[in-house]
Amino acid sequence: MKDPTTFFSGSSPTEADEPQLTRCRSSRRAFIKGVIASGAVAASSAYFLSGCTPGEGPAAGSVERLISLHINGKIRRVDVLPNETLAMTLRYKLGLTGTKLACDRGECGACTVVIDGVTHYSCSTLTHTVGARSVRTIEGLQGPDGELHPIQQAFIDELGPQCGFCTPGQIMSTVALLEKNPRPTREEARRALSGNLCRCGAYDHYLNSVMRAAEVI
Amino acid sequence: MAYTLLGKNFTPPDIRGKVTGKAKFAEDFRAEGMVYCKLLLSPMPHARVSNIDVSDALAMDGVVGVLTADDVPAMEGAAQAILTNNPHYVGDPILAVAAIDETTAADALEKIRYDIEPLDFVLDPLQSLYPGGTNAQVKGNVANAGIPLQELKWTARDFASADTDQFPMTGKAVSEWSYGNLEQEFSAAAVVYDESFVTASNSHHSMEPRSAMSYWENGKCFLFGSSQSQSFMIPGLAAYIGIEPEDLVYIAEYCGGGFGSKGAPYPIMALPAHMSKKIGRPVMMRISRAEEYYLGSNRAGFQGRVKVGVARNGKVTAVDLYIVQSGGPHGGFPDFNSAAGAVSICYQPNAMQYRGIPVLTNTPPGGAQRGPGQNQIAMVMEPLLDKAARELGIDRLEIRRINAPNNDTIFGGRQRSVTSAYQTEALNKGALAFNWEQTKKRSGERNGSKVIGVGIGQAYHSAGAAGFDGLLRIAPDGRLHIHSGVGNLGTYSYAATSRIVAEVLHCKWENCVIERGDTRKHLPWNFGQFGSNTSFTMSRSNHAAAMDARQKLLEIAAAEFGGSADEYELGEETVFSKADAAKKLTYSQAAQRAIDMGGKYAGHEIPDDLHPMTRASATAIAGTGLIGVAKDNYALDGSPPALAAGFMVIELDTETGKFEILEYNGVIDCGTVIHPLGLASQVKGGAVMGIGLASTERIVYDPQNGLPANVGFHQAKPPSYLDVPSRLGSDAVDIADPQNPMGIRGMGEPVMGCAASALICAISDALGGHYFNRTPIVPDMIINAIAGREQSHKPLQVYTF
């Protein structure tokens, strides 16, 4: 029996070519529809769910499925579908559920990760485009003994989060900001985090957290 | 009164998980053998589905099951079902497919064949009330809590009674009350305003879509869901699943935002449980953003009319209010009734008449959204107060002080009293921080095309209930376990109210453990976490349990050292003799004595008036320590209110209709402040939501086809960092309420409405007092108003772009 705990039936036996082709075309349509609907020109995988059938071996001209990702300082070997987004790889292949999916279409920033120092919406980043670049997620911030990153501590001290669902994304945007600009003005912080929606409206407290973190880093 | 813990900031135990990513929300759980389900949603706003053929789907590799309306409980009246063959809005779930992965499930949906017959649909409640107008449900067009599904039409004469584009006031209502002599008060009033209005419906769009996972094990159903509440979910959720409450294990440690939409059990949450039962495997139901729009509910929209009379001294003397509510196909929440209560308490007119009618619409199901009713009507009423102030030459702060509710306030159709109310103090505190006297002078200040507007807003929500249970355990290791079934919607009030127990029992916070978020933690029966009630309600319950534990500790000490219980006292996690401090037991020792003594001390004997859920939980932990358990039987006379005032300055660009908020200060009257940082976060976060409500958020429909136009964040426009000031001001009155042991009242909802209405008033002020008759106020409305042009929408039109 296939491993049902993975999101994609990644190890399923090869299926016939034709359905695969049909489904890939369907994926393309959904992709275009998604881009139009969201208005996000950079949205890559509009809707993961309508993707190619999982489980086929590499077809001619397709990318290598088994790849190495550099996640939080470790090399992770992972079987990745061509249309798979980084958010899905992290959440459903690597067990890194700290990265949240709230819109899955590049609107809200809940899935923000840092790739080579730059924030990315992992819902809109194809895993295969990551290559050898270094990916940091919320799980990669704590020290080896579990000690909190100063940014995490600052988010606690200022009571940054309310419900907490957007918090990992807010923190990852802060990581990228402070690595590039360790002493931002509040206005710079506001702009740096402006791609991260918070429905609780905890923006003021998040900015307090960022400014506190900037003092201690 | 000085407290050791209350009124001080602390680190809530769940926040570490939020900043490390370890917090597990519903979609973060996995189970052995888990499969995924996808929903088939109605493409039509009202339809009848038949001849469903799932054979091709089921024949697909990897598809493990299909769930249809026949597999789930049928609902009576207007109630919403888990799945339906009679969809009432675009997005209404018809069936679900489970497969080994979502891709397969989605592909299988494409293979399902069914007939779907379109039925007439209606979006505009007034159109449904026309003679011969369409009903959103086949059997009727009016329903709500306590109002059975029925057909109700107004007469042609009713519609003809009003001038063109005015809301007709003679149609039959289903909800009404009145007090005082309305005619007399109107004729004596110095000014009378009569305005028809529309407040748009807007989507909750909680950041966490309502995904859920479920499996069955040893006859029990395990459900991992997203909800604001914990214990309150159990009875209804068990009913949706079709099991006894004790057979449900419900896990909801974190909730990624609910704002009212996840306060009570909702049907779709039970779907994975039904699917799992049918196919015998764990089922994950991931809800997408668009699906969350359909299933995540929305605030009721209003069409209405209000007539307000104000005396020369600024006192509001008469109000005649009529509200038609659009609440989706199942009725939604009684926002319309709440709005009327809010008007009554905020201005206390000598005479008031209220009529309301909840009309069904073929739009997503309505639900309570933060200040449901109160916050819409605040945006209608507050600018009218400004209008009166201007005309009567009264300061806008002063007219609010003149009408402010206080301890003598009587309100609503039932003329209820309040436990306490200090809105004047809230206004004064806000005015001071805002420097009202100076800031108001900036009103109308021009800078090129930009003009300054200054506004004050107010809002109300009831703030507490009574009669729920508290449960705690002092373990033999001396640690205090506080069992809280209240839920965790993200305000940290579950933790702040738990500190009452530690305060009463003189326990160090570090030695406390909050047991919550999981049925298996043996939780008491508590009210849902909604309606700004938690701080009031839960603090009473926890106080009752703590006082029970306190008495037991004193009795245990008396049994140990002799004398009577009142000769002993608590301090530093010990119970000691007042006469001889050497005679003392640590809590660890006392817990062991409680186990040895058994009976009530160890929870073997418990009060008769406890809820069955609390009884079961207390019984489960009996014998493991000293058990404190009690029902909140404290007296409650009157209604505890939460009242808020907001002060705002904006700079409005008369060429673009856009504005920037320069300053905001919110003040809440919520009794004793127990968690200052948490309170500040609520006041400010509420303001952000209020800003969205007043200026950007509304659901939009294509009237021809009944299709929604804004199912995602981008189109629904919840405020971002750049839409609100980077700093917001917050404060609280901090005067104790006499009907809570610690003086606490709730606060979560009016802090949104006061900001929303402050913004409406500030926009109006920037435009010299223009009254818009509609919320949200969007840039094209502002431009049209400035240009003196007609608005692009008809006055009572709804779901407009």
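The table for this structure:
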{"quantity": "Two-site FRET efficiency, A:A132 against A:R77, from Cβ-Cβ distance with R₀ of 22 Å, rounded to 0.05", "calculated": "0.95"}
{"quantity": "Cα gyration tensor shape of the range B:667-749, rounded if a/c is under 1.5, else prolate or oblate by comparing a/b with b/c", "calculated": "prolate"}
{"quantity": "Assigned charges on the beta-carbon of Lys, Arg, Asp, Glu; the range A:150-216 dipole about Cα centre (debye)", "calculated": "160"}
{"quantity": "Out-of-range pairs (alpha-carbon distance over 19 Å; input B:K315/B:K387; A:K180/B:K717; A:K93/B:K24)", "calculated": "A:K180/B:K717"}
{"quantity": "Normalised contact order of the range B:357-481, rounded percent, pairs of Cα under 8 Å and 6 or more residues apart", "calculated": "20"}
{"quantity": "Rel. contact order, % - alpha carbon contacts under 8 angstrom, at least six apart, the range B:467-631", "calculated": "32"}
{"quantity": "Percent antiparallel among DSSP beta bridges (both partners in the range B:469-548, rounded to 5)", "calculated": "50"}
{"quantity": "12 Å beta-carbon shell around B:G487, net charge (K/R +1, D/E -1)", "calculated": "-1"}
{"quantity": "Farthest positive-ward along the protein assembly as shown dipole, Cα basis, beta-carbon charges - from B:N542, B:I556, B:V798", "calculated": "B:V798"}
{"quantity": "Normalised contact order of chain B, rounded percent, pairs of Cα under 8 Å and 6 or more residues apart", "calculated": "15"}
{"quantity": "Of all DSSP beta bridges in chain B, antiparallel share, percent nearest 5", "calculated": "80"}
{"quantity": "Residue exposure sequence - B:V97, B:V724 - by fewest surrounding Cβ within 10 Å", "calculated": "B:V724, B:V97"}
{"quantity": "Dipole in debye (nearest 20) - the range B:505-635, about Cα centre, beta carbon charges: Lys, Arg +1; Asp, Glu -1", "calculated": "320"}
{"quantity": "Candidates per GluC sites (Glu not before Pro) in the range A:78-178, loop by DSSP, up to 12 other Cβ within 10 Å", "calculated": "A:E147"}
{"quantity": "Spacing of the two label points (7 Å from each Cα toward its C-beta) at B:D395 and B:R520, in nm", "calculated": "6.1"}
{"quantity": "Cα centroid separation, the range B:108-138 to the range B:345-392 (Å)", "calculated": "29"}
{"quantity": "Reciprocal mean inverse distance between Cα atoms of the protein assembly as shown - Kirkwood radius, Å", "calculated": "29.6"}
{"quantity": "Proximal lysine pairs, the range B:467-631, alpha carbons under 30 Å, eight or more residues apart or interchain", "calculated": "21"}
{"quantity": "Neighbourhood net charge (12 Å Cβ-Cβ; Lys/Arg +1, Asp/Glu -1) for B:G219", "calculated": "-2"}
{"quantity": "Stokes-Einstein diffusion coefficient of chain B, Kirkwood radius over Cα pairs, 10 °C, 1.306 mPa s, in µm²/s", "calculated": "57"}
{"quantity": "The range A:128-170: C-alpha gyration tensor shape, a/c 1.5 cut-off, then a/b vs b/c", "calculated": "oblate"}
{"quantity": "Sequence of B:T419, B:T800 once ranked by neighbouring C-beta atoms within 10 Å, starting from the fewest", "calculated": "B:T800, B:T419"}
{"quantity": "Extension gain (nm, one decimal) between B:R789 and B:A620, 0.36 nm per residue minus Cα-Cα", "calculated": "53.9 nm"}
{"quantity": "Gain on full stretching of the segment that runs from B:E110 to B:L432 - 0.36 nm per residue minus C-alpha separation", "calculated": "109.7 nm"}
{"quantity": "At most 14 other Cβ within 10 Å, DSSP loop - GluC sites (Glu not before Pro), the range B:417-501", "calculated": "B:E445"}
{"quantity": "Over 26 Å (Cα to Cα) - which of B:K18/B:K262; B:K307/B:K429; A:K74/A:K100; B:K38/B:K220 fall in this group", "calculated": "B:K307/B:K429"}
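Readers should treat all values here as calculations from the given coordinates under stated rules, not as data from a laboratory. What you see is a predicted model; the values in this text were computed from it and never measured. Neighbour counts are summed over all protein chains in view; Cβ atoms, including those assigned to glycine, are modelled from backbone coordinates with ideal geometry.
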